[in-house]
Amino acid sequence: MSRALALKLEPYFYTAPSLLLIAAIMLVPLVTGLSYAFHDLILLDPLSGDFVGLDHFRELLDDDGFWTALRNTVVWTAVSVALQFTFGLILALLLNRPFPGRGLVQALVFLPWAVPGFLSGLTWAWLFNPVIGPLPHWLQGLGLLATPQNILSDPHLALWGPIAANVWWGIPFFAITLLAALQSIPKDIYEAAAMDGAGPLLRFRRVTLPLLAPTIAITVMLRTVWVANFAELIVVMTKGGPADATQILSSYIFTLAFQRLDFGYASAVAAVLLLLLLAYAAAVMVLRHAMTERA
Amino acid sequence: MATITLSRVSKDYGGGPVLRGIDLEIREGEFVALMGPSGCGKSTLLRLIAGLEEPSGGQIHIDGRLVNDVAPKDRDLAMVFQSYALYPHMTVRENMSFALKQRRLPPAEITQAVEAAAVKLGLTNLLERKPKALSGGQRQRVAMGRAIVRNPKAFLFDEPLSNLDARLREQMRYEIRKLHRELGATSVYVTHDQVEAMTMADRIVALNDGAIQQVGSPQDLYDTPANLFVAGFLGSPPMNFLDATLAADGALVVEGQTLARVPPPAGLAPGATVTLGLRPERLALADPAEGVAARVDVVETTGTGQVAHLAIGAQRLKLFTMDGRRLAPGEVVGMVVPPDAPLLFDPGTGTRIA
Amino acid sequence: MNKTFARVLPRVLHALALAAFVAFALFPLFWLLKVSLTPDDLMYGEGVRLWPSRVTLDHYGAVLRHSQFPLFFRNSLIVSAATGLLATAAASAAGYAFSRFRFRGKAWVVGVMLISQMFPLIIIVAPIFRLLAPLGLTNSLTGLVVVYTAFNTPFAAFLMQSFFEAIPKDLEEAAMMDGATRFQALRHVILPLTLPGLAATGGFVFTAAWSELLFSLMLNSSAAVSTFPAGLLGFVSKFSVDFGQMMAAGVLALLPVGAFFLLIQRYLVQGLTAGAVKG
């Protein structure tokens with residue numbers, strides 16, 4: 001084999017193992033999974049499997065469960081990401097100035113990130129349990145609850161339980177990413193701004209935020225997609241209940257597939273979720289492009 | 001020791017040519033400098049010789065063997081990088097042994113070769129240190145040591161001194177030159193620094209825009225540059241370029257004054273415009289009554305002499321003088337141009353006419 | 001007086017704010033530990049006290065001796081360690097290619113890896129089940145390792161790419177001039193310098209595999225091959241009143257990943273730093 005050909009093939013040799021694995025275990029199943037959306041496929045039912053065209057999607061339009069889950073997905077994702085981001089940014093700013101013991105503090109505040117998702121869910125479910133958890137009593141003390149009840153069994157409040165766990169769990173991710181971006185801003189820009197008479201608040205608005213903006217845009221987008229897909233906390237904490245009040249699309253898919261064994265319909269819902277997420281990601285990229293063009 | 005021959009070598013990364021039709025013969029034992037501004041393609045040319053990049057066209061021969069298809073490791077060339085590229089996790093000894101270990105030489109032989117090279121470069125006391133614990137100059141020496149310990153066919157240097165301060169750079173220039181004399185190995189040296197090229201090289205290859213502008217000894221390039229690029233690149237302060245008219249009698253007229261007279265070159269019509277090149281140190285001061293009248297603008301003292309920035313009408317030029325006379329800004333002086341000093345260039349193509 | 005106050009005040013606020021964050025981060029874990037140490041007879045009487053009047057290790061003893069958790073723990077350890085090794089190996093190769101080569105289709109390869117991080121994984125549970133079942137890879141630890149390796153390789157590859165990019169290209173070129181092939185240069189020069197990055201990536205993947213619940217639940221129904229998350233969840237739904245034992249099991253599940261995280265945390269931040277700066 002000639003050296004030129006060998007050099008051309010070399011990169012593919014390095015990427016092939018990952019690519020083959022991802023194609024076999026993720027992409028091919030993804031295509032298969034999407035094709036289920038057009039089939040009547042119920043597990044353990046030998047009579048199912050027929051092609052049904054767009055029937056599932058028509059069914060979906062009249063499905064209250066789907067619309068509730070869609071609404072919840074928006075609330076769940078928007079509130080979780082907004083709070084994770086806000087507290088993550090504050091934490092990153094706090095960690096960005098040197099102080100004794102910073103290494104230790106950083107390790108401790110980032111620790112929730114290492115906690116397995118299901119375990120975060122269980123822990124927070126226990127914290128909300130009035131028998132062994134302190135939160136209901138504290139919430140009553142603050143006047144937020146009339147009685148120390150478990151909010152996870154109240155259809156109007158239950159979604160806040162998984163959101164609380166999600167915020168706790170997701171702050172470190174934002175803090176790490178933003179801290180990294182903060183540390184890449186050259187110090188002399190701040191010094192120049194200070195020489196120009198800008199106070200701390202003005203420096204934050206005019207120097208820090210604009211320079212962080214690209215990182216913020218991409219991180220928030222990736223995280224939004226990720227959180228929208230993240231069913232584990234809800235499955236563990238409320239199983240979507242009470243009475244499907246806390247279903248988000250991804251947990252609804254889970255319920256459809258593994259409690260009703262209706263893989264065809266579950267795949268149709270999943271296809272809609274995937275489409276919505278792709279549209280969202282595309283919109284963010286277009287918006288970001290437009291903003292950078294203008295600037 | 002080797003000859004390196006490049007024929008019609010070109011390189012294109014897909015965004016236009018970086019190197020165009022390079023023909024070059026590097027002779028056995030020769031020290032050749034590839035000189036040019038950043039982006040001229042000199043480093044790419046070196047990397048093509050090394051085998052770290054593939055030529056898009058043309059052929060490269062080392063000792064008569066076509067090496068286009070030979071991996072860097074099989075070309076038996078040593079390279080000194082601008083960043084030194086010392087292996088940070090290895091001691092100096094391990095850095096210098098690495099190539100010999102790759103060749104599976106017996107350990108005793110490796111130790112002997114490394115220690116001999118260390119003596120030559122004054123590294124004996126540093127052999128067990130890691131690169132992190134060395135100064136910039138010491139790292140540079142280790143990079144050199146790693147190259148010479150192998151006794152390669154040729155040495156390739158990629159701006160090896162540009163990370164050193166001025167004093168160390170001068171000393172290393174001398175040491176590299178001395179090593180070259182001792183080892184007699186073919187060396188190709190990339191630099192953007194005309195002083196390095198002038199002081200070290202047997203021959204200079206001046207590159208611009210991916211093409212060779214001129215090849216020759218440093219003195220040749222200095223005295224008879226092929227074009228405006230080479231003329232302007234060598235020399236400090238750089239050559240003056242003036243717009244001049246060539247009269248029928250060979251008079252070079254600048255802003256209405258005759259600066260010098262030259263034998264009229266063939267093929268130039270009287271009254272033609274030329275670019276007149278004058279080296280600052282070839283110009284001499286005279287009384288305002290004699291020579292060409294020029295007004296002093298700014299005076300820089302260099303210690304060995306003075307650089308006077310002069311104005312003749314709307315055109316500006318520099319003059320370097322070592323006579324002790326004190327010049328003052330605003331003063332009008334006379335300037336004398338020796339008859340063999342003017343170089344004439346075609347203002348359109350930049351090629352030297354005479 | 002006033003001046004000192006003005007100078008000290010920001011520092012005090014800074015420290016207080018950080019203390020609040022540390023407290024928020026640690027409180028749920030502290031509660032987990034506290035309940036796991038509370039004796040059964042005090043569980044309800046002192047349920048919401050910050051620390052019980054007596055502590056006991058009984059729950060840990062019960063979990064370790066009379067339950068299947070040691071088995072689940074072992075399964076999780078095998079799966080996570082194998083996934084960590086395999087995914088890091090595959091991701092290093094891909095990350096190296098991303099950082100060092102320009103090649104046709106690179107944008108597509110990166111795109112495929114990004115997309116694989118964006119869709120709801122639930123959609124592929126059934127197809128994967130159908131793919132693995134005929135191969136005998138359901139109800140098997142090997143099957144989980146294969147699936148987890150695929151899931152974690154893309155992100156790990158991006159992480160490794162940022163670690164490789166921190167190492168100058170000159171180094172492997174120097175090694176290639178010194179007589180090494182690219183692969184030898186990678187092995188002798190680049191990989192030793194990426195060790196912290198390899199550890200961080202491996203630790204990250206280990207943690208992710210240790211935490212995964214849905215696929216473990218779906219692909220493996222037999223207790224003999226259950227991982228810790230699936231086992232713990234099964235335990236919770238069966239004995240949802242034995243809080244002490246559940247939380248003791250939770251603390252045990254947390255130990256390996258917590259320890260891992262504290263060890264590699266610094267390098268992980270470094271890797272994400274490089275990535276973030278580029279993004």
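The values are calculated or read from the model by the stated rules, or taken from the named source; none is laboratory data. The shown structure was predicted, so the numbers you read here are calculated from the model rather than taken from an experiment. Cβ placement follows ideal geometry from the backbone for every residue including glycine, while neighbour counts extend to all protein chains displayed.
Of C:Met1, C:Met43, all but one fail to be at pLDDT below 90, buried (at least 16 other Cβ atoms within 10 Å of the Cβ) and of a type in the set (A, V, I, L, M); the exception is C:Met43. Being surrounded by fewer than 16 Cβ atoms within 10 Å (Cβ to Cβ), over 17 Å from the mean Cα position of the chain (by Cα) and within 30 Å of A:Thr219 (Cα to Cα): is that true of C:Arg104 here? Judged against the criteria, C:Arg104 is a match.
For B:Ala247, the conditions (1) surrounded by 15 or more Cβ atoms within 10 Å (Cβ to Cβ); (2) under 33 Å from the mean Cα position of the chain (by Cα) all hold with the exception of (2). Under the condition of being within 24 Å of B:Val253 (Cβ to Cβ) and within 29 Å of the chain's Cα centre (by Cα), the residues counted in the range B:289-309 number 2.
All of (1) more than 10 Å from chain C (Cβ to nearest Cβ); (2) under 22 Å from C:Leu233 (Cβ atoms) hold for A:Leu261 with one exception: (1).
The one condition from (1) in contact (Cβ under 8 Å) with a residue 40 or more places away in the chain; (2) within 24 Å of A:Phe87 (Cβ to Cβ) that A:Tyr252 does not meet is (2).
Report those helices (runs of 4 or more DSSP H) wholly inside the range B:76-193 carrying at least 3 residues which are away from chain C (no Cβ under 13 Å) and out of contact with any Phe, Trp or Tyr (no Cβ under 9 Å at 6 or more places or on another chain). First the steps, then the outcome.
Numbers: elements: B:92-102, B:107-121, B:136-148, B:166-183.
Qualifying helices (runs of 4 or more DSSP H): B:107-121, B:136-148, B:166-183.
Just one of the listed residues (B:Ile26, B:Ile22) is under 23 Å from C:Ala174 (Cα atoms), of a type in the set (A, V, I, L, M, F, W, C) and touching a residue at least 60 places away in the same chain (Cβ under 8 Å), namely B:Ile26. Taken over the range B:21-46, the criterion of being surrounded by 19 or more Cβ atoms within 10 Å (Cβ to Cβ) and either assigned to a loop (DSSP other than H, G, I, E, B) or of a type outside the set (A, V, I, L, M, F, W, C) (or both) is satisfied by B:Glu30, B:Gly36, B:Cys40, B:Gly41, B:Lys42, B:Ser43, B:Thr44. Every listed requirement among (1) within 12 Å of another protein chain (Cβ to nearest Cβ); (2) under 14 Å from A:Ala268 (Cβ atoms) is met by A:Thr73 save one, (2). Scanning the range B:209-227 for residues that are outside any strand (DSSP E or B) and farther than 18 Å from B:Gly39 by Cα gives B:Ser217, B:Pro218, B:Gln219, B:Asp220, B:Leu221, B:Tyr222, B:Asp223, B:Thr224, B:Pro225, B:Ala226.
Anything in the range C:37-72 that is basic (Lys, Arg) and either touching a helix residue (DSSP H, G or I) at 6+ places or on another chain (Cβ under 8 Å) or more than 11 Å from chain A (Cβ to nearest Cβ) (or both)? List them, or say none. Correct list: C:Arg54, C:Arg65.
Being in contact with a strand residue (DSSP E or B) (Cβ under 6 Å, 6 or more places away or on another chain), modelled with pLDDT under 95, within 26 Å of B:Ala78 (Cα to Cα) and among the small types (Gly, Ala, Ser): is that true of B:Ala185 here? It is true that B:Ala185 is in contact with a strand residue (DSSP E or B) (Cβ under 6 Å, 6 or more places away or on another chain), modelled with pLDDT under 95, within 26 Å of B:Ala78 (Cα to Cα) and among the small types (Gly, Ala, Ser). The combined condition, being surrounded by 22 or more Cβ atoms within 10 Å (Cβ to Cβ), modelled with pLDDT of 85 or more, over 25 Å from A:Phe173 (Cβ atoms) and facing chain A (nearest Cβ under 10 Å), is fulfilled by C:Ala249. A:Phe87 meets each of the listed conditions (1) free of Cβ contacts under 8 Å to residues at least 12 places away in the same chain; (2) within 10 Å of chain C (Cβ to nearest Cβ); (3) aromatic (Phe, Trp, Tyr) apart from (1).
Within the range B:282-306, the set of residues being assigned to a strand (DSSP E or B) and basic (Lys, Arg) comprises B:Arg295 only. Per the conditions (1) touching a residue at least 60 places away in the same chain (Cβ under 8 Å); (2) over 27 Å from the mean Cα position of the chain (by Cα), the sole criterion not satisfied by B:Ala272 is (1). In this structure, A:Phe66 qualifies as touching a helix residue (DSSP H, G or I) at 6+ places or on another chain (Cβ under 6 Å), touching a residue at least 40 places away in the same chain (Cβ under 8 Å) and away from chain C (no Cβ under 13 Å). Which numbered condition trips up A:Ala82, out of (1) modelled with pLDDT of 90 or more; (2) within 13 Å of another protein chain (Cβ to nearest Cβ)? Every listed condition holds for A:Ala82 apart from (2). When the range C:73-119 is limited to residues that are assigned to a helix (DSSP H, G or I), of a type in the set (D, E, K, R) and at the interface with chain A (Cβ under 9 Å from one of its Cβ atoms), the one that is nearest to C:Leu137 (Cα to Cα) turns out to be C:Lys106. The single condition among (1) modelled with pLDDT under 95; (2) touching a helix residue (DSSP H, G or I) at 6+ places or on another chain (Cβ under 9 Å); (3) not in a helix (DSSP H, G or I) that B:Ala206 does not satisfy is (1). Selection within the range C:142-187: residues that are among the aliphatic types (A, V, I, L, M) and away from chain A (no Cβ under 14 Å). The member of this set that is surrounded by the fewest Cβ atoms within 10 Å (Cβ to Cβ) is C:Ile167. Listed by first and then second residue, the pairs linking a residue in the range C:53-70 that is farther than 19 Å from C:Ala230 by Cα to a residue that is of a type in the set (Asp, Glu), with Cβ atoms under 8 Å apart and 6 or more places separating them unless they lie on different chains, are C:Ser53/C:Glu46; C:Asp58/C:Asp40.
Of the residues examined, C:Ser92 is not one that is of a type in the set (Ser, Thr, Tyr) and more than 30 Å from C:Pro168 (Cα to Cα). The residue that is surrounded by the most Cβ atoms within 10 Å (Cβ to Cβ), counting only those in the range A:122-161 that are without any contact (Cβ under 8 Å) to a residue 40 or more places away in the chain and of a type in the set (Gly, Ala, Ser), is A:Gly133. Applying the condition of being under 17 Å from B:Val254 (Cα atoms) and surrounded by fewer than 18 Cβ atoms within 10 Å (Cβ to Cβ) to the range B:310-335 and asking which residue is farthest from the chain's Cα centre (by Cα) yields B:Val332. When A:Gly53, A:Gly33 are screened for being out of contact with any strand residue (DSSP E or B) (no Cβ under 6 Å at 6 or more places or on another chain) and within 14 Å of another protein chain (Cβ to nearest Cβ), only A:Gly33 passes. Of C:Leu268, C:Leu263, all but one fail to be at pLDDT below 85 and in contact with a Ser or Thr (Cβ under 9 Å, 6 or more places away or on another chain); the exception is C:Leu268.
The residue that is farthest from the chain's Cα centre (by Cα), among those in the range C:175-231 that are within 22 Å of C:Gly258 (Cβ to Cβ) and not in a helix (DSSP H, G or I), is C:Ser226.
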